[in-house]
Amino acid sequence: METSGLTALITGATGQLGREIAIALGRAGCNCICHFHSNASVAAEIVRKVEGLGSKAVAIRADLAKEDKPEKLFDTELGSPQILINSAAVFSPQPLADAAFDSANKVLAINLIAPIILSKLFVKNLSKSEGKEIIGKIINMVDVGARSPWANYTVYCASKAGLLAATKSMAKELAPGICVNGIAPGVITLPKDAAPAKRTGTIEEVTSAVLFLLDNDSITGRIINIDSGKGI
């Protein structure tokens, strides 16, 4: 899929990972719809950086923990996106003893339900196409915790495991016109001795995986684990 001139929607664009994904996509020639929740100043800075790379960008606020009219993310001057990066997430420890309905619902709403609803809207707003031409790409940011859960992160790991399953299900349902894949970072912040490769990953390695999935039209329903072999 040739990315130059396409429009990408990046949720959680003000997060550490979402920010670098937006900049990498802008460098690749994508126009970027940068979603944010509360950090308007960082969102504006990202827009300036993307525009400085020669691409167009807008920042749109939405609370993904609520319905908050998510349709507005697809109704901008940049037009309907052909790329959706579900990067927004809540990451925090919560021992089972502290689990509560409201806090658990918020994690599930942002980490799992929002990507599903946004994927639905993404498909709805894509131009119709005949045959086997690839017309859209969805990339969900999963986590190694989805397949190797940690203690004290029950809700978070459950939300990411659900997103992993949703990725594979959507890939089957939306083929052949839309590729749906996931990226599972895991060693960006873990000690290097915890993984066979004895090194930590970098954000640049995650963004390069995003670009790889956008470039390759023969990959769908897959999860790329960037974990230095920890999941072997």
Given (1) touching a Ser or Thr at 6+ places or on another chain (Cβ under 6 Å); (2) within 16 Å of Thr11 (Cα to Cα), Leu163 misses just (1)
Scan (1) more than 23 Å from Ala24 (Cα to Cα); (2) buried (at least 22 other Cβ atoms within 10 Å of the Cβ); (3) of a type in the set (Ser, Thr, Tyr) for the single condition Thr167 breaks and write down its number. (1)
Restricting to segment 192-232, and then to whatever is of a type in the set (Lys, Arg) and either part of a loop (DSSP other than H, G, I, E, B) or closer than 16 Å to Ala28 by Cβ (or both), can you tell me which residue is modelled with the highest pLDDT? Arg222
Using the structure shown, decide if Thr167 is more than 19 Å from the chain's Cα centre (by Cα), among the hydroxyl-bearing types (Ser, Thr, Tyr) and modelled with pLDDT of 95 or more. no
Criterion (of a type in the set (Ser, Thr, Tyr) and buried (at least 21 other Cβ atoms within 10 Å of the Cβ)) met by exactly one of Ser41, Ser87: Ser87
Those residues that are within 12 Å of the chain's Cα centre (by Cα) and under 22 Å from Ile178 (Cα atoms), I need them from segment 13-28; list them, please. Gly18, Ile21, Ala22
Residue that is surrounded by the most Cβ atoms within 10 Å (Cβ to Cβ), among those in segment 49-82 that are of a type outside the set (Val, Ile, Thr) and assigned to a helix (DSSP H, G or I): Leu73
Among residues of segment 23-38, those that are crowded, with 18+ Cβ neighbours inside 10 Å, among the small types (Gly, Ala, Ser) and over 23 Å from Glu2 (Cα atoms), counted: 0
Of the candidates Ile46, Ile60, Ile33, the one satisfying the condition of being aliphatic (A, V, I, L, M), out of contact with any Leu (no Cβ under 7 Å at 6 or more places or on another chain) and farther than 30 Å from Ala151 by Cβ is Ile46
Residue satisfying all of: in segment 148-163; in contact with a helix residue (DSSP H, G or I) (Cβ under 7 Å, 6 or more places away or on another chain) and not in a helix (DSSP H, G or I); nearest to Ile110 (Cα to Cα) among these: Tyr153
For the structure I just gave you, tell me whether Thr189 is under 26 Å from Ile113 (Cβ atoms) and modelled with pLDDT under 95. yes
Given the criterion touching a Lys or Arg at 6+ places or on another chain (Cβ under 8 Å) and either among the polar types (S, T, N, Q) or in contact (Cβ under 8 Å) with a residue 24 or more places away in the chain (or both), identify the matching residue among Leu53, Leu25, Leu108, Leu73. Leu53
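The values are calculated or read from the model by the stated rules, or taken from the named source; none is laboratory data. These figures come from a predicted structure and were not determined experimentally. Note that we place each Cβ from the backbone using ideal geometry, even for glycine, and neighbour counts take in every protein chain shown.
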